[in-house]
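Working notes, structure below.
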Amino acid sequence: MKEFEYVITDELGLHARPAGLLVKAAKGLDSTVTVGKAGGKSASATRLIAVMSLGIKKGDTVTVTVEGGDEQGSFAAMEAFFKENL
């Protein structure tokens, strides 16, 4: 299992467009990806409504966990996704 923390910099937070892109990116990976928000709430990155229900706003710190499959490749892909899109 690998994980990283990321502070959301997008003005609108994790809204519909980037959440949809996140789900699409996560579904293309060989690993299970989970997005967690401070306070213990987390969701599978492949479930759009679950990700959006976290209510992630600008300035929130999220924890992204990558487990199973090609962890190193999936970890790198998710880290790049967050830096480029959020």
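Look at residue 57 and say whether it is within 11 Å of the chain's Cα centre (by Cα) and of a type in the set (D, E, K, R).
Considered against the rule, which asks whether it is within 11 Å of the chain's Cα centre (by Cα) and of a type in the set (D, E, K, R), residue 57 comes out as no.
Residues in the stretch 7-49 that are assigned to a helix (DSSP H, G or I) and either among the charged types (D, E, K, R) or in contact with a Ser or Thr (Cβ under 8 Å, 6 or more places away or on another chain) (or both): 17, 23, 24, 26, 27.
Within the stretch 50-73, how many residues are over 16 Å from residue 3 (Cα atoms) and either assigned to a loop (DSSP other than H, G, I, E, B) or touching a Cys at 6+ places or on another chain (Cβ under 9 Å) (or both)?
From the stretch 50-73, those over 16 Å from residue 3 (Cα atoms) are 50-60; that's our starting set.
Now restrict to residues that are either assigned to a loop (DSSP other than H, G, I, E, B) or touching a Cys at 6+ places or on another chain (Cβ under 9 Å) (or both): 53-60.
Of the residues in that region, 8 qualify.
On the stretch given as the stretch 1-46, residues that are touching a residue at least 60 places away in the same chain (Cβ under 8 Å) and among the hydroxyl-bearing types (Ser, Thr, Tyr) total 2.
Values quoted throughout were computed directly from the atomic coordinates according to the rules given, and no laboratory measurement underlies them. Values in this document were obtained by computation on a predicted structure and should not be read as measured data. All Cβ positions, even for glycine, are placed from backbone atoms using ideal geometry, and neighbour counts span all protein chains on display.
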